[in-house]
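Quick note: the coordinates plus some simple rules give every number you see, no bench work behind them. This one's a predicted model, so the numbers in the text were calculated from it and none came from an experiment. Using ideal geometry, Cβ is built from the backbone for each residue, glycine included, and neighbour counts are taken over all protein chains shown.
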Amino acid sequence: MNTTSEQWIERGDKHIATTYGRYPLVAVKGEGCWLWDAEGKKYLDFLAGVAVNNLGHCHPNVVKALQKQAETLIHCSNYYHIPSQIELAEILCNNSFGDRVFFCNSGAEANEAAMKLVRKHSADNHGNDRFEVITALASFHGRTIGTISATGQDAVRKGFTPVVPGFKYVPFGDIEAMANAVSEKTCAVMLEPVQGEGGVNVAPAGYLQAVRELCDKHNLLLVFDEVQVGCGRTGKLFAYQHDDVAPDIMTLAKALAGGPPIGAMVATETAAATFVPGTHGSTFGGNPLMSTAAVAAMNTLINDGVLDNCVAMGAYLRDKLEQLSQRYSFAGDVRGRGLILGMKLDIPGADIVNAAMAKGLLINCTAGSVLRFVPPLIVSREEIDTAMEILDEVLSAINVENG
Ligand SMILES: *Cc1c(COP(=O)(O)O)cnc(C)c1O
């Protein structure tokens with residue numbers, strides 16, 4: 001007899017750590033832009049594992065690569081050379097500013113690597129008392145002690161103090177505030193080119209270039225956290241490529257392997273040179289299985305027209321969201337880039353997310369009142385139409401309730 005969703009939820013409630021406020025959905029299968037629950041109900045997935053499933057669920061190229069590699073070699077130590085890890089590093093460097101890549105298993109770990117690198121680079125080149133990193137308010141960099149220290153939101157640090165010292169937070173998009181925050185102790189700036197968790201905030205035009213100039217002036221390393229918006233999400237392979245600017249370090253994770261867990265820190269030769277044997281490491285980082293999946297995912301992203309589809313469908317979805325926003329008094333600003341789009345509401349978004357789920361559309365809400373749309377980059381016009389019909393129904397019900 002099949003276990004029902006209700007039974008799974010009851011069992012999970014007994015033994016799973018209560019770190020997430022989970023929706024009552026038990027996910028058992030995925031294909032393309034669709035997710036199925038334990039009862040066989042089908043959902044259009046516009047959350048995509050929070051921007052992980054950029055190629056949709058179970059993309060055949062990723063599945064095939066995983067199957068073949070699983071039968072050949074799953075894990076071996078980084079004491080040895082790993083061909084798929086080497087191939088993946090080549091793909092990342094040939095398609096970005098980067099020269100060298102450190103592999104790990106998550107976004108937080110990629111940012112930890114970046115924070116260690118900027119401190120060591122500064123210690124090697126400018127002495128020991130220069131360690132501060134400037135980050136943005138409303139940023140999100142992960143959940144480890146180090147990355148909650150970097151994250152510009154008090155809420156994530158509550159109950160976990162003392163955190164790692166040496167971080168300063170400034171309003172995102174405000175170059176004056178950033179310039180004022182630089183001191184003789186500053187060694188780096190870390191920013192998301194588009195803030196994902198903070199409410200889908202795109203860096204204002206010219207901001208990232210101005211930050212680059214500021215960094216050059218004070219010999220600071222510039223880190224872009226592209227964990228959420230890298231790997232095609234914005235319509236270019238990496239989000240920084242929309243602006244005439246390159247960082248010294250970029251962190252990636254989420255979509256890099258098309259679903260399986262992996263993280264990467266990409267750096268210039270100059271920045272990377274500061275890591276030598278013994279300064280950093282990760283048992284699983286860049287293991288054969290995940291690296292092979294990532295090679296397949298990145299090649300698919302680059303060669304199969306996925307970025308073009310992201311640009312076209314991003315424009316289409318944005319247009320639809322703007323039309324909806326104009327029709328509902330409580331809906332406001334539509335923002336984002338490519339297929340990371342947000343709709344700002346004057347009301348909390350939680351009820352809308354729940355109502356959409358009941359009707360078969362998965363979205364979420366960030367920063368309390370910004371509906372976030374991050375569908376797979378392979379999404380079709382018809383799927384967007386279906387999603388927007390559901391959203392329209394949900395929003396019109398709210399309108400009626402509010403009079
Ligand atoms: C998700 C995310 C992280 C953390 O990644 P994990 O894999 O959950 O550790 C870091 N930075 C950004 C911008 C993210 O969106």
Roughly how many whole Å is it from the C-alpha centroid of the stretch 342-401 to that of the stretch 235-298?
31
Could you please state, rounded to a whole Å, how far the C-alpha centre of the stretch 17-46 is from the C-alpha centre of the stretch 69-131?
32
How many percent of DSSP beta bridges within the stretch 73-303 run antiparallel, rounded to 5?
40
Would you mind getting me the FRET efficiency between residue 217 and residue 100? Use the beta-carbon distance for r and R0 = 30 Å, nearest 0.05.
0.75
Choose one answer from 153, 241, 326: the residue with the largest mean-square fluctuation in a GNM of the chain with alpha-carbon springs under 10 Å.
326
Eight or more residues apart or on different chains, and alpha-carbon atoms under 24 Å: count the Lys pairs in the stretch 73-303 matching that.
13
Between residue 284 and residue 42, what is the label-point separation in nm under the 7 Å Cα-to-beta-carbon projection?
3.2
Taking 0.36 nm per residue of sequence separation and subtracting the Cα-Cα distance, how much length would be gained by fully extending the chain between residue 184 and residue 269, in nm to one decimal?
28.2 nm
Report the charge-dipole magnitude of the stretch 1-135 in Debye, nearest 20, computed about the Cα centre from +1 at each Lys and Arg Cβ and -1 at each Asp and Glu Cβ.
80
When the chain is fully extended, how far beyond the present Cα-Cα distance does residue 129 get from residue 312, taking 0.36 nm per residue of separation?
61.0 nm
Would you kindly calculate the mean projected area, averaged across all directions, of the convex hull enclosing the Cα atoms of the chain, in square nanometres?
21.0
Subtracting the Cα-Cα distance from 0.36 nm times the residue separation, let me have the gained length for residue 29 to residue 158 in nm, one decimal.
42.8 nm
Quickly rank 69-75, 102-108 as a protection proxy: mean count of other C-beta atoms within 10 Å, highest first.
102-108, 69-75
So, how do all the Cα-to-Cα distances of the stretch 73-303 break down into 10 Å bins, in percent, from 0 on up?
8, 35, 38, 17, 2, 0
If Lys and Arg each add +1 and Asp and Glu each add -1, what is the summed charge of the other residues whose beta carbon sits under 13 Å from the beta carbon of residue 144?
+1
